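Notes follow once the structure below has been shown.
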Amino acid sequence: MQAYSRWKFWLILTVFIAAVMGTTPNLTTVPSWWPSSMSQPLNLGLDLKGGIHLVVDVDIEKVVAQQVSDNISTIRRTLREEKIRYKKLDSNDTQVTVSLKDMADLATAEKVLKRALIGYDMTQAEDGSLLFTISEAEAKEIKSYAIDQTIEVIRRRVDALGTTEPVIMRQGERRVLVQIPGYEDSARAKLIIGQTAQLEFKLVDEKGDLDKALAGQIPSGDMVAYHEDGRPILLKKRTELSGKDVAQARVSIDPQYNEPAVTLKFNNQGARTFDRLTKENVNKRFAILLEGTVQSAPVIRERISGGTAQITGSFLLEEARNLAIVLRAGALPAPIKVVEERSIGPSLGQDSIDQGLDSIIYGIIAVLLFMIAYYRFFGFVANIALVFNMLLIAAAMSMIGATLTLPGIAGIVLTIGMAVDANVLIFERIREEIALGKTPFSAVDGGYDKAFSTIMDANITTLIAAIVLFQFGTGPIKGFAVTLSVGILASMFTAIVVTRAIIVLSHRNNKKIKELSI
Amino acid sequence: MQLIRPDININFLEMRKKALTFSAVVLLLSLGLIIFKGLNLGIDFTGGTLVEVRFHKQVEIADIRQSIEPLGYGKAVIQEFGSPTDILIRVQNQADVESSVISTGVLDALGNHFGPDQVEMRRVEFVGPQVGEELKTAGFMAVLYTLIGILVYVMFRFKLRFALGADAALMHDIIIVVGVFSLFDIEFSLSVVAALLTVLGYSLNDTIVVFDRIRENFDANKKKKHPEDEVIVCNQSINQTLARTLMTSLTTLLVVFSLYFFGGEVIHDFAFALIVGIAVGTYSSIFIATPIMLSLEGKFEMSDEELKELEERP
């Protein structure tokens, strides 16, 4: 015990200074010369600072199906160029079916279509028609791109809410996690994020027979759409303009009815198309559809060349504002659905912090008193190690940028209980050694040495549980796993290395000690 | 101060038959409760919406019920949460309504009925039906993976029968904690699963300390001229570690009780699971892990004679 290596003392001192420095940003603003890796305060989780937490599911299959069906026009064009006639062109979610009129064209058709449809596997059905199935790699690529786009659009929409530091990231294969710290209006957040914002301009088919269409005889190239109040209208299927052509959207007041409306400004190409559309269709109607529902179907009075249009439809001001935001941010590539929400109001977050701190403080005090009462001087040493341990956890969590959550606080509280376990093991062992009649010094050595493997085993198994927790847990639970792991590692250092150093150093000048205060 | 005398020698293993019988009965009761009574699964697993609101004046639960009834969300569960002005409202997922906006409907209805400035949103949780299923599987798998991870580690550090003894004690603990949750109808949520995993780690901690001592004493025993019976050695080991076992349980319980009483409503069930788990875990490391390990003596490993024989074979 006398031969205590000096480097350990310096190691402890270094760690201690680092721990103090790493904890400081949580208590006060640090001066500019402070090392940047130690200048970050602890991240608080959403459950502590309040905010919106959403997980949305992206309908990626729909994107793939859309891409597959988009190929029909490519196939039609290719076959026309080669003068090959076909009986039927059809698509489902993953497959396009091409039935030729004349099987003599089969070889040519195979050749040209294979070239036209990259990323598709070709097979032949029993009736001789060609099946093009989207390859898995291609589908995966499309899905992945759709998620990236979704994240991009959601980010623009959330930014428009005027919040700071939102987290928007992919979760698993088809989900996106959206966290908006400090934002309370869960309803509005969901409304803004969840709208597909599919904006379409279509011409009204003035000549077609709506009644016949409703009875099932829809003229080719037409479709039936409905107003919000359920009135049907016959439209040309072709989309003349869409959300992609919109450069700017803002709330305006419709002068006719003095109601809120949204004014769109098209980009260059959109303005040109709109100019042509209005020029060619004066006195006809066009319909503005949002999410497939007709908002309005105004008559084109004259050519509009300025590149602006107005969406009216008896909005409330709030609705018009939200619509402008989502139109500005662009349409989502696929419909999304909120599948999970965990939003916390600001007052609950603050309460959690306060109560969490309370329970930590009372827990610590109880343990500190108990240790001193039970192990006297050695208990006091263990207490120093425990406080050191808390400091180390706070510093380590701040420095690695971990997030403190409410379960994370519980993890710290639990660490307090478990951290003294290592010392209890050691001290009980020392008491046993003393009972066996060993001298104080060799009893201390024996206690530490013999307890070591037990402490290792015990802590590693707890770490296993913590790692599994981290893997499986969502947000707050992950926070618990992190603090538990950091706490276990920190406690190994403080409870073994630090206490031993203190005990050795405090008995150094008293080599003839007869009895330990344990 | 010393609560446990150093020369303490309680014959724990003599009680092992009684203890095992007792545990078997409690286990059966727990399993019966879990199977027949079931668990009060929280929305994490069933899916659904939970809205916690704070009213700025005290209101009647019946009044709240009346205000959200017209929404047609079926039977809502409404209860106080810690104080009379903090109210928890639970609504099941609806087949015909977009469930993610149920919370919006509830908050709007409360605002209209009581006045928007009287109601404060504290917490909204919504779990879609599919996510609920996924979390159920994930929670179950997490417990399973932890058990396997621990089995492998203990097998590697000790022997298979020690690992099996440890895992038996752990399963014992989990089933009883879950049984207690069923008995008292306490909500079983994701954070309770986290608590279960912590209990696993903790209870194992206890078991490992005892096993470590047993291994140490087994090694010393083998060197003796007249080795003592394994049961006696194990009993000695349990007694030697008894002071530590109780001390650690006590300090851990101190802090967990602090969590239970001061940590706030949200963390309450989590802390409760820990309290039960720590108590059961302490018991099981003495009365379950070691007896099971002992009962598997010679079952999964070769005796020294067999090993010798194997070595002598050509």
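Which value does Rg/Rh take for the range A:164-286 over its C-alpha atoms, Rh per Kirkwood? It would help to have the intermediate numbers written out before the result.
Numbers: Rg = 19.4 Å, Rh = 18.1 Å.
Over the Cα atoms of the range A:164-286, Rg/Rh equals 1.07.
The protein assembly as shown: D in µm²/s via Stokes-Einstein (Kirkwood Rh, Cα pairs, 10 °C, 1.306 mPa s)? Mind showing how you got there, number by number?
Values: Rh = 31.8 Å.
Estimated diffusion coefficient is 50 µm²/s.
With each pseudo-label sitting 7 Å past Cα toward Cβ, what's the A:Asp121-A:Asp211 distance in nm, one decimal?
Calculated label separation equals 5.3 nm.
Using DSSP loop states and a limit of at most 16 other Cβ atoms within 10 Å to flag trypsin sites (Lys or Arg not before Pro), what is the longest stretch of chain B containing no flagged site? Could you put the intermediate results ahead of the total?
Numbers: sites that count: B:Lys57, B:Lys75, B:Lys224, B:Lys225, B:Lys299.
Of all site-free stretches, the longest is B:76-223.
With a cut-off of at most 14 other beta carbons within 10 Å, and DSSP calling the residue loop, which trypsin sites (Lys or Arg not before Pro) in the range A:74-157 qualify? Please list them.
When the trypsin sites (Lys or Arg not before Pro) of the range A:74-157 are filtered for loop state and at most 14 Cβ neighbours within 10 Å, A:Lys83, A:Arg85, A:Lys101 remain.
Of A:Lys337/B:Lys37; A:Lys438/B:Lys223; A:Lys202/A:Lys337, which pairs sit farther than 30 Å apart, going by alpha carbon to alpha carbon?
Details: A:Lys337/B:Lys37 34 Å; A:Lys438/B:Lys223 22 Å; A:Lys202/A:Lys337 27 Å.
Going by Cα-Cα distance, A:Lys337/B:Lys37 fall outside the 30 Å limit.
Calculated from DSSP H runs of 4 or more alone, at -39500 (n - 2.57) each and per residue, what is the 222 nm mean residue ellipticity of the protein assembly as shown, nearest 500? Walk me through the intermediate numbers first.
Details: 25 runs with 458 residues, N = 832.
Mean residue ellipticity at 222 nm (helix-derived): -18500 deg cm²/dmol.
Which helices count as membrane-span-like in chain B under these terms: full DSSP H, at least 30 Å along the axis by C-alpha, Kyte-Doolittle mean of 1.0 or more? Display every interim value, and only then the final one.
On the way: long enough: B:129-157 (42 Å, 0.98); B:160-183 (34 Å, 1.65); B:190-223 (50 Å, 0.41); B:230-262 (45 Å, 1.03).
Sorted by number, the helices that extend far enough and score high enough are B:160-183, B:230-262.
Where in the range A:252-296 are there trypsin sites (Lys or Arg not before Pro) that are in a DSSP coil and have at most 15 other Cβ atoms within 10 angstrom of their Cβ?
Working: sites: A:Lys265, A:Arg272, A:Arg276, A:Lys279, A:Lys284, A:Arg285; in loops: A:Lys284.
Answer by residue number: A:Lys284.
Take chain A, mark every one of the chymotrypsin sites (Phe, Trp or Tyr not before Pro) that falls in a DSSP loop and has at most 15 other Cβ within 10 Å, then report the longest stretch left between them, sites excluded. Spell out each step's value before the answer.
Values: sites that count: A:Tyr4, A:Trp33, A:Tyr257.
Counting only loop sites that pass the neighbour cut-off, the longest clear stretch is A:258-518.
List the lysines whose Cα sits under 21 Å from the Cα of B:Lys17, skipping any in the same chain fewer than 8 residues away.
B:Lys299
How high is the relative contact order of chain B, in percent, counting Cα pairs under 8 Å that sit 6 or more residues apart? Walk me through the intermediate numbers first.
Details: 403 pairs, mean separation 78.1, N = 314.
Relative contact order comes out at 25 percent.
Working from Cα positions, state the angle (0 to 90°, nearest 10) between the long axis of helix A:268-280 and the longest principal axis of chain A.
Relative to chain A, helix A:268-280 is tipped by roughly 30 degrees.
Explain nothing, just the number: dipole magnitude of the range B:48-127 about its Cα centre with +1 on each Lys and Arg Cβ and -1 on each Asp and Glu Cβ, in debye rounded to the nearest 20. Walk me through the numbers on the way to the answer.
Values: 7 positive and 12 negative charges, 29 e Å.
In debye, rounded to 20, the range B:48-127 gives about 140.
Report ³J(HN,Hα) in whole Hz for each residue of the range A:12-21, in order, from the Karplus equation J = 6.51 cos²θ - 1.76 cosθ + 1.60 where θ = phi - 60°; Gly and Pro get x.
Whole-Hz 3J(HN,Hα) from phi for the range A:12-21: 4, 4, 4, 4, 4, 4, 4, 5, 5, 5.
Using a Förster distance of 25 angstrom, determine the FRET efficiency expected from the C-beta separation of A:Lys284 and A:Ala247, and round it to 0.05.
Working: r = 25 Å, r/R0 = 1.01.
The computed FRET efficiency comes out at 0.50.
Which loop GluC sites (Glu not before Pro) in the range A:254-312, with loop taken from DSSP, have no more than 12 other Cβ atoms within 10 angstrom of their Cβ?
Working: sites: A:Glu280, A:Glu291, A:Glu302; in loops: A:Glu291, A:Glu302.
For GluC sites (Glu not before Pro) across the range A:254-312 that sit outside H, G, I, E and B with at most 12 neighbouring Cβ atoms in 10 Å, the list reads A:Glu302.
Run down the lysines and flag those whose C-alpha is under 22 Å from the C-alpha of A:Lys49, throwing out any fewer than 8 positions away in its chain.
A:Lys190, A:Lys478
Averaged over B:114-127, how many beta carbons belonging to a partner chain fall within 10 Å of each residue's beta carbon? Could the numbers behind the result be given before it?
Details: counts 0, 0, 0, 0, 0, 0, 5, 11, 9, 10, 11, 6, 10, 5.
For peptide B:114-127, the averaged partner shielding equals 5.
Quick query: amide H of A:Leu44 versus all other amide H atoms, modeled in the peptide plane; which residues come in under 5 Å with a sequence gap of 5 or more or a different chain?
Sorted by chain and number, the residues that satisfy this are A:Leu404.
Take peptide A:317-326, look around each residue's Cβ out to 10 angstrom, count Cβ atoms belonging to other protein chains, and average those counts.
Details: counts 0, 0, 0, 0, 0, 0, 0, 0, 0, 0.
Across the residues of A:317-326, the mean count of other-chain Cβ atoms within 10 Å is 0.
5 Å is the cut-off here: which amide hydrogens, built 1.01 Å from N in the peptide plane, fall below it relative to A:Glu340, excluding neighbours closer than 5 in sequence?
A:Val55, B:Gly128
Residues with amide H under 5 Å of A:Asp254's amide H, sequence separation 5 or more or different chain, H placed in the peptide plane at 1.01 Å from N; which?
Those lying under 5 Å, H to H, from A:Asp254 are A:Glu259, A:Ala261.
Just the C-alpha atoms of chain B: what Rg/Rh do they give, with Rh taken as the Kirkwood radius?
Values: Rg = 25.4 Å, Rh = 22.6 Å.
On the Cα set of chain B, Rg over Rh gives 1.12.
Can you tell me the 0 to 90 degree angle between the C-alpha axis of helix A:317-329 and the longest principal axis of chain A, rounded to 10?
Tilt relative to chain A: about 90 degrees.
Under 19 Å from the Cα of A:Lys207, which aspartates and glutamates turn up, not counting those fewer than eight places away in the same chain?
Within the straight-line limit of under 19 Å, A:Lys207 reaches these aspartates and glutamates: A:Asp222, A:Glu240, A:Glu280.
For B:Ile10 paired with A:Met169, estimate the spin-label separation in nm (one decimal), with each label point 7 Å from Cα along the Cα-to-Cβ line.
4.9 nm
As I understand it, the value is the acute angle between the Cα axis of helix A:440-472 and the longest principal axis of the Cα atoms of chain A; what does it come to in degrees, rounded to 10?
10 degrees
How large is the dipole of the protein assembly as shown about the Cα centre if only Lys and Arg carry +1 and Asp and Glu carry -1, each at its Cβ, rounded to the nearest 20 debye? Working shown, then result.
Details: 83 positive and 94 negative charges, 394 e Å.
Rounded to the nearest 20 debye, it is 1900 debye.
Bear in mind these aren't lab numbers, they're just calculated from the coordinates by the rules spelled out. Computed from a predicted structure; not experimentally measured. Glycine gets a Cβ as well: all are built from the backbone with ideal geometry, and neighbour counts include every protein chain shown.
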